[in-house]
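The values are calculated or read from the model by the stated rules, or taken from the named source; none is laboratory data. Just so it is clear, the model here is predicted, and its values are computed rather than measured. Heads up, the Cβs are rebuilt from the backbone with ideal geometry, glycines too, and the neighbour counts pull from every protein chain shown.
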Amino acid sequence: MIEHLRKYTGLIIIVVALLFVGLAFLGDNANLGQGNANDPPVLSVDGTSYTYSELQKWGESARSMAMGLGLNDLQLATDAGYAPPDDAQANQRFFVNRLLLKKAREEFGVHPSTAEIAESLKTMPAFQGTDGTFDQEAYNGVVKNIGRLGMTEADMIELIGDNLAAAKLSAIIGGGLSADPKIAAEKTARDDQQVSIQLARVPLSKFEESIQATDEELKAEWETTRDKYQTERRVKVSYTLAKPKYPEPKTEAPKLPDAVTEEARKAADKEAADKKAAEEAKLAEEKRNADSELADVVDYFLQQLEESEGADFGKLATANQWEFTTTEMFGRQEVPPGLAGDLRSATNRRPIADQVFNLKLGTEPMSRFTDALPVADGGFLIVRLDEEEPVREKTFEEAKEEVRKDFLTRAAAEALKKDAEEKAAKIREGLAAGKAFADIAKELGLEPKAHGPFKATDKLDGEADTSILFQTAALVDPGSLADPVIRPDGALFVFVENRELVKDPARAGRVENSLRYLAQSNERFAFLAWMKERLENTLVEEISAR
């Protein structure tokens, strides 16, 4: 189908729409929960069992695709959020909540039309060129690469439909909730004001330098937090790299022009340019053919590998004259050069090592293998986990320096907080007695600094984050000290001299925008709470291998 799409650029949306009608949101989902002897069940949802491969495809792989395509409504609805791609719990939640989402679609009759899906596809950044319009080659590239996730073009279309359905269900379930105009007005007014402040700070380093720790204190600290200090998982793997055999570009020695007239030179230049363009087009076509041939060979290799249950990995790689390597043990921070790059992807350039460290020594032989991972220069990498040194709790001697660092950091933070509260109390006492903030600060050994008036969007010289200062001062009465702000590098004391609302005729429009945003947030929160309740009422059980 991809080859047809390449030929008929511009018809993609019609093709997708027709494809979608034929699928009717079923695809491979119609067989979910059936399983077979070579693919045992690993998860039960309300009494229906699902196999390892189903959980991988409709959980991890589908979630990875949803993240790569930016399907935010689906990610929120499935409570997978933006957890790391290898988060097994997030992948399982995605799988289960997507089942619940499909059930909700049937209950409420929510089925996005082919036109809606086509329109959504055209506007997705993953399929757009630099000019912001739909790009056929970008689409082809995504479709080609998702096969390595075990997914198809039909699966991708279904995900897009689920994303649209999640947005529609959110509007149905939470659409009746309204936002309070008063809250929107107050929020807008707070953001539109300008403030004048005086600022003083105490650096954390003042306390870090004075704190020491004995071995007894460190040992006591470790005893209560020992499960926090773990060794790094280390693995030994074998891998093969399949590369396409591209033709070498022709190189010709520079030729001196033999044309004498301007017209003849122009004609010669045009002839040379046309020849070069034709050669480049021919080379590009030959490369595409080489890519296609390699993809077929890799698919057949994977089929043979599965038939041998992984036993013939090295033999099959050697037969194809592919590089085959077995590593020594290594950790996540010491990945060998051959595994240190990124995946070749138009939407999600993840490190190869992420895939390697996702491998587990499961009971099924093929669970030790990655898919054929697309890498640089048109190649495909297939990795097998051979051995592992699992994570374990560190001994005190192994963890001692980490414990010391954590102990000193915590002790310094506690000392900083106590000092800040004591200083804040003294500043407030001084203010109540009629003293100026600057004078009180100097008496306490602080260096006061004045800022303002400034707004939320302004930048202040010498301040890394103006928004923190503004948000701290925005709700404090003039002439008062805000509560101390504890930052990673120290404590801030913010004295508010003045707050005033800036006149702006455009404020009414911003209030309307704020009201709309609050209504959308209420809608989203209601829908997510509804989905959470459904998940809590769903029986999800992991099935142990027998």
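Descriptive notes on the structure:
- Checked against (1) among the aliphatic types (A, V, I, L, M); (2) buried (at least 18 other Cβ atoms within 10 Å of the Cβ); (3) within 30 Å of Thr224 (Cα to Cα), Ala415 passes all but condition (2).
- Subset tally (residues that are more than 18 Å from Lys243 (Cα to Cα), part of a loop (DSSP other than H, G, I, E, B) and at pLDDT below 95) for the range 315-332: 1
- Residues satisfying the stated conditions in the range 333-355, i.e. farther than 16 Å from Ser238 by Cβ and either at pLDDT 95 or above or loosely packed, with under 13 Cβ neighbours inside 10 Å (or both): Gln333, Glu334, Ala340, Arg349
- For the range 300-314, the candidate set comprises residues that are of a type in the set (Asp, Glu) and outside any helix (DSSP H, G or I); within that set, the residue that is surrounded by the fewest Cβ atoms within 10 Å (Cβ to Cβ) is Glu309.
- Test: residue in the range 136-146 that is small (Gly, Ala, Ser) and either at pLDDT 90 or above or surrounded by fewer than 16 Cβ atoms within 10 Å (Cβ to Cβ) (or both): no
- Of all residues in the range 110-130, exactly one satisfies the criterion of being charged (D, E, K, R) and touching a Leu at 6+ places or on another chain (Cβ under 9 Å), namely Glu116.
- If you go through the range 432-457 and pick out every residue that is of a type in the set (D, E, K, R), assigned to a helix (DSSP H, G or I) and touching a residue at least 60 places away in the same chain (Cβ under 8 Å), you end up with 0.
- Failed item, numbered, when Thr224 is tested on (1) part of a helix (DSSP H, G or I); (2) modelled with pLDDT under 90; (3) exposed (fewer than 12 other Cβ atoms within 10 Å of the Cβ): (2)
- Residue list for the range 119-153, filter: among the small types (Gly, Ala, Ser), more than 27 Å from Ala295 (Cβ to Cβ) and assigned to a helix (DSSP H, G or I): Ser120
So that you can scan it fast, the table gives a plain yes or no per residue for (1) touching a strand residue (DSSP E or B) at 6+ places or on another chain (Cβ under 9 Å); (2) at pLDDT 90 or above; (3) charged (D, E, K, R); (4) in a helix (DSSP H, G or I):
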residue	(1), (2), (3), (4)
Leu55	yes, no, no, yes
Ser61	no, no, no, yes
Ser64	no, no, no, yes
Leu76	no, no, no, yes
Asp79	no, no, yes, no
Pro85	no, no, no, no
Phe95	yes, yes, no, yes
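- Some residue of the range 281-299 being farther than 20 Å from Met65 by Cα, surrounded by 13 or more Cβ atoms within 10 Å (Cβ to Cβ), outside the structural domain of Val42 (by TED's automatic domain parsing) and hydroxyl-bearing (Ser, Thr, Tyr): yes
- Some residue of the range 464-471 being in contact (Cβ under 8 Å) with a residue 12 or more places away in the chain and touching a helix residue (DSSP H, G or I) at 6+ places or on another chain (Cβ under 7 Å): no
- The single condition from (1) touching a Phe, Trp or Tyr at 6+ places or on another chain (Cβ under 8 Å); (2) farther than 30 Å from Phe301 by Cβ that Glu429 fails is (1).
- Candidate set: the range 372-417, residues that are among the acidic types (Asp, Glu) and in a helix (DSSP H, G or I); chosen: the one modelled with the lowest pLDDT: Asp377
- Within the range 96-120, the set of residues being under 24 Å from the mean Cα position of the chain (by Cα) and not charged (D, E, K, R) comprises Val96, Asn97, Leu99, Leu100, Leu101, Ile117, Ser120.
- Residue match in the range 360-371 (condition: modelled with pLDDT of 90 or more and of a type outside the set (Ser, Thr, Tyr)): yes
- Of the residues making up the range 395-436, just one is in contact with an Asp or Glu (Cβ under 8 Å, 6 or more places away or on another chain) and farther than 22 Å from Ser210 by Cα, namely Gly430.
- For Lys455, the stated conditions hold: it is in contact with a strand residue (DSSP E or B) (Cβ under 6 Å, 6 or more places away or on another chain) and over 18 Å from Arg487 (Cβ atoms).
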